[in-house]
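Engineer: One structure follows; several queries about it will come next.
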Amino acid sequence: FLSPLLADAEMIGGPDPELAATMGFSGFGKKARTFDLEAMFEQTRRTAVERSRKVLEAREREKEEQAEKEFRSPDADPSASASSATGAASTLTQRGRVCSESEDSSDEELTGPSMQSQTSAQGPAGDTDDEDDEFIGPPLPPGFKDSDDDNDNDDTEEEDNNPIKKIPDSHEITLQHGTKTVSALGLDPSGARLITGGYDYDVKFWDFAGMDASLQAFRSLQPCECHQIKSLQYSSTGDVILVVSGNSQAKVLDRDGFPVMECIKGDQYIVDMTNTKGHTAMLNSGCWHPKMKEEFLTCSNDGTVRTWDVNNEKKHKSVFKPRSVQGKRVIPTTCTYSRDGKLIAAGCQDGSIQIWDRNMTVHTKFHCRQAHAPGTDTSCLTFSYDGTVLASRGGDDTLKIWDIRQFKKPLNSAERLPSFFPMTDCCFSPDDKILVTGTSVKKGGGSGKLFFFYRETFQKLYEIEVTDASVVRCLWHPKLNQIMVGTGNGLAKVYYDPVKSQRGAKLCVVKTKRKERQAETLTQDYIITPHALPMFREPRQRSTRKQLEKDRLDPMKSHKPEPPVAGPANVYIIISDCRGGRVGTHGGTLSSYIVKNIALDKTDDSNPREAILRHAKEAEENPYWVAPAYAKTQPKTVFAEVEPEDDETDKPEWKKRKI
């Protein structure tokens with residue numbers, strides 16, 4: 001429909017103002033502006049070449065001035081210096097001519113600054129890194145330094161010099177496991193899930209990505225019935241979990257808590273523990289092989305350390321038997337693999353630490369007989385990430401660090417670290433420079449603390465007051481850079497830093513609490529009767545939302561009942577005093593009801609005869625209960641006539657008669 005209008009506009013020879021007003025914009029009918037892209041590109045190229053030439057000339061002038069300053073010296077002959085400066089200037093001028101000629105010859109090929117100008121713009125420093133060649137934009141002035149890079153370098157240097165800044169403790173969250181001691185902690189390798197176990201026999205699963213700010217566990221179970229949980233650990237791949245409890249059989253669960261395998265129980269009547277297929281006494285500890293995802297390790301009160309295969313639950317793989325100085329059996333209280341999985345270490349009740357080669361079960365490869373005080377339970381052994389240092393947490397309130405190549409004497413030791421639990425932990429920081437452990441306290445004896453020691457000097461760097469109970473377990477995850485702590489009052493705390501930490505607790509604290517779905521509580525239970533007749537079968541509920549909408553339209557179901565009157569609980573409600581389903585305002589107790597009625601009752605019931613005759617007239621005029629039943633057989637009542645007395649003249653006639 002625009003073609004006739006455009007034709008009229010062309011016939012007129014110019015834009016029609018009326019037509020422009022009709023169409024709503026002023027430029028209607030004008031010819032569109034055309035652009036020549038080739039001309040624009042050519043103009044842009046010339047501008048870029050001219051600008052690069054000016055920059056090159058400025059660089060050449062700076063070089064000439066710098067050369068003159070270098071060649072000019074106070075002791076030299078002025079004529080010589082002048083001649084040298086002139087020679088240098090002529091040389092530079094020739095170089096400039098060569099550059100300009102080459103630049104003129106490449107004007108037709110290049111659309112920006114030439115390669116010669118870019119190389120010359122790097123200044124007299126000449127040989128720079130490859131990173132400078134990739135820099136986009138004008139060259140930086142000489143002596144300029146990037147402030148961001150300097151700040152980053154300064155921060156890195158400060159963190160290296162001050163390891164306290166590497167500790168992620170600025171924020172924390174608290175997970176309520178229960179009311180009893182959290183004796184086991186485990187994190188999968190990716191840091192997505194946390195498992196906690198305690199003295200209440202429960203194992204709880206926490207998913208950081210699935211939790212909201214309410215911090216509720218998504219699953220809770222008792223895998224070992226009524227046995228306390230001693231240790232929990234994810235495998236190297238994170239698909240199965242090792243559960244070590246107070247019984248003699250370790251269990252392996254999958255990620256969702258379903259059983260995968262259970263170790264067999266040994267024959268307790270066989271003396272040689274090598275000939276039994278499994279443990280015969282309570283377990284103390286266990287851990288996974290760091291490289292082989294199907295092998296794990298356990299130690300028990302039967303005096304053995306055994307390795308197992310997940311695919312073979314009928315018998316152990318190998319048996320290690322720690323021995324005392326006299327060659328007698330000694331109970332291992334903790335066990336662990338080295339970082340490469342080639343060594344197996346066990347801490348024993350006689351205070352010794354014994355280390356075997358994984359493939360040689362008879363003799364120890366390293367051992368220290370007096371690592372800790374005899375008769376105390378060594379609660380934890382852990383290797384450093386470099387594999388050369390072993391840290392031990394003893395029941396003698398000490399924390400020691402050992403070089404397994406020189407195993408006779410500890411490198412460093414820290415004392416006065418109380419430990420009341422046989423599973424008190426210690427662990428290394430992700431950078432292997434800090435060692436962490438917790439302390440125990442008696443009830444009402446202060447706060448349990450988390451201590452941080454510098455690995456090289458064993459100087460106490462930092463401490464965190466966790467809670468008013470003992471700190472039993474501690475775990476510093478290398479990927480998340482977050483510290484998990486299990487306490488003696490049923491709490492599992494997670495310490496993190498929003499900047500230094502990754503994922504983990506940061507995922508759940510930013511989520512708001514989910515609102516409770518009222519539809520599930522308001523709808524009635526649905527009874528499924530598949531074999532009922534169609535006339536008696538209830539209609540199947542399609543969704544809770546639709547059912548809620550139907551219930552909202554029902555006046556009976558949507559009626560809000562009257563709330564009860566606030567008052568003491570467990571009271572006797574007097575029915576006669578209830579109005580509309582609510583107890584009277586005077587209270588709901590029997591005593592208050594009696595007191596109220598006594599105070600309100602003004603009648604005098606001292607004369608029972610008058611109390612009965614008070615209703616005689618109403619009964620005679622309107623017989624309802626007794627009189628109609630005996631109307632045909634009951635004789636007529638005859639009352640004796642009584643002389644009226646002086647004080648009874650004012651009484652009615654029925655009160656003057658006597659029966």
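Bear in mind that the values in this text are calculations on the coordinates, not laboratory data. Please read all numbers here as calculations on a predicted model, not as lab measurements. Cβ coordinates were reconstructed from backbone atoms using ideal geometry, including for glycine residues, and neighbour counts include every protein chain displayed.
Engineer: Computed FRET efficiency, Cβ-Cβ of Thr274 and Arg339, R0 22 Å: what is it to the nearest 0.05?
Structural biologist: It comes out at approximately 0.20.
Engineer: Let me ask something additional. For the stretch 499-512, in order, what is each residue's ³J(HN,Hα) by Karplus, 6.51 cos²θ - 1.76 cosθ + 1.60 with θ = phi - 60°, in whole Hz (x at glycine and Pro)?
Structural biologist: 8, 7, 8, 10, 6, x, 5, 5, 6, 8, 6, 8, 8, 7
Engineer: While we're here: For Val499 and Phe420, FRET efficiency with R0 = 25 Å and r from the beta-carbon atoms, rounded to 0.05?
Structural biologist: Rounded to the nearest 0.05, the efficiency is 0.10.
Engineer: Let me ask something else. Mind scanning Lys277/Lys321; Lys293/Lys365; Lys165/Lys493; Lys365/Lys433; Lys460/Lys500 and naming the pairs with a C-alpha gap bigger than 18 Å?
Structural biologist: Listed pairs above 18 Å: Lys293/Lys365; Lys165/Lys493; Lys365/Lys433; Lys460/Lys500.
Engineer: Can you compute the equivalent ellipsoid semi-axes for the stretch 258-411, i.e. the square root of 5 times each eigenvalue of the Cα gyration tensor, sorted largest first and rounded to whole Å?
Structural biologist: Three semi-axes, in Å: 25, 18, 13.
Engineer: Can you tell me the length gained on complete extension of the stretch Asp169 to His559, counting 0.36 nm per residue apart and subtracting the Cα distance?
Structural biologist: 135.2 nm
Engineer: How much length would be gained if the chain were fully extended between Gln222 and Lys513, taking 0.36 nm per residue of separation minus their Cα-Cα distance, in nm to one decimal?
Structural biologist: Stretched fully, the Gln222-Lys513 segment lengthens by 102.0 nm.
Engineer: State the extension gain, in nm to one decimal, for the chain segment bounded by Ala629 and Asn162, taking 0.36 nm per residue of separation less the distance between their alpha-carbons.
Structural biologist: 157.5 nm
Engineer: Moving to a separate point now. Amide H of Val240: which non-local residues (sequence gap of 5 or more, or other chain) have their own amide H closer than 5 Å, using H built in the peptide plane?
Structural biologist: Amide H neighbours of Val240: Ser235.
Engineer: Now for a different question. Around Val389, which amide H atoms from residues at least 5 apart in sequence, or from another chain, sit under 5 Å from its own amide H, with H modelled in the peptide plane?
Structural biologist: Residues meeting the criterion, in which the H sits 1.01 Å from N, are Ser384.
Engineer: Determine, for each peptide in 166-176, 488-498, the mean count of other beta carbons within 10 angstrom over its residues, then list the peptides with the highest first.
Structural biologist: Top to bottom by mean Cβ count within 10 Å: 488-498, 166-176.
Engineer: Could you calculate the FRET efficiency of Asp309 with Lys180 from 1/(1 + (r/R0)^6), where r is the beta carbon distance between them and R0 is 41 Å, rounded to 0.05?
Structural biologist: It comes to 0.80.
Engineer: Would you calculate the separation in nanometres between label points at Asp239 and Lys317, each defined as 7 Å from the Cα along the Cα-to-beta-carbon direction?
Structural biologist: 1.6 nm
Engineer: Let me ask another. Between Gly186 and residues 5 or more places away or on another chain, which pairs have amide H atoms under 5 Å apart, with H built 1.01 Å from N, and which residues are they?
Structural biologist: The list, which skips near neighbours in sequence, is Ile195.
Engineer: Another question about this same structure. Which of the lysines could a cross-linker bridge to Lys636, judged by Cα under 23 Å and excluding same-chain residues fewer than eight apart?
Structural biologist: Counting by Cα, and skipping residues close in sequence, Lys636 has these lysines nearby: Lys617, Lys655, Lys656, Lys658.
Engineer: Here's another thing I want to ask about it. Taking just the alpha carbons, could you work out the radius of gyration and Dmax for the stretch 164-510, both in angstroms?
Structural biologist: For the stretch 164-510, the Cα-based Rg and Dmax read 18.9, 59 Å.
Engineer: Can I ask one more? Take each of the peptides 177-187, 618-628, average the number of other beta-carbon atoms within 10 Å over its residues, and list them starting from the highest.
Structural biologist: Most protected by this proxy first, the peptides run 177-187, 618-628.
Engineer: Among 468-476, 450-458, how do they line up by average Cβ neighbours within 10 Å per residue, starting with the highest?
Structural biologist: 468-476, 450-458
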